[in-house]
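S.K.: Below are the structure tokens for one structure; questions will follow.
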Amino acid sequence: MTTNRDDHLVALPGPPATPEPGPRVVASLCGTGTCPTVYSTDRDTVLVQGYAVSEVDAPDGELVVEIPREVLLQAAARLIEERGA
């Protein structure tokens, strides 16, 4: 990283700032992220984007979402492939 001191560029200590990688789409019914989608993170977790439901009483801080079975099966197959690679 650099900064400007008296119109001169000066290198600052430490590694350059790099953006953290975001979640990767594992399975989706569309390619735009505007429909049920399963994401994989670099934290060994999975994010699920789906339809909000009210039939299940989730604890505070948790949500229950509904996704099509096909999306979950597709995500499971790809996550198994990733782990085997």
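S.K.: What FRET efficiency, computed as 1/(1 + (r/R0)^6) with R0 = 22 Å and r the Cβ-Cβ distance, is obtained for Cys30 and Ser54, rounded to the nearest 0.05?
M.R.: 0.35
S.K.: Now, a different point. For a quick check: with amide H placed at 1.01 Å from N, whose amide H comes under 5 Å from Val65's, ignoring anything fewer than 5 positions away on the same chain?
M.R.: none
S.K.: Give a quick list of trypsin sites (Lys or Arg not before Pro) in region 24-74 that DSSP marks as loop, anything other than H, G, I, E or B, with at most 15 other Cβ atoms within 10 Å. Walk me through the intermediate numbers first.
M.R.: Numbers: sites: Arg24, Arg43, Arg69; in loops: Arg43.
Those satisfying the criteria are Arg43.
FYI, it's all coordinate maths here, none of it is from the lab. Since the structure is predicted, the reported quantities are computational estimates derived from the model, not experimental observations. Cβ: placed from backbone, ideal geometry, glycine included. Neighbour counts: every protein chain shown.
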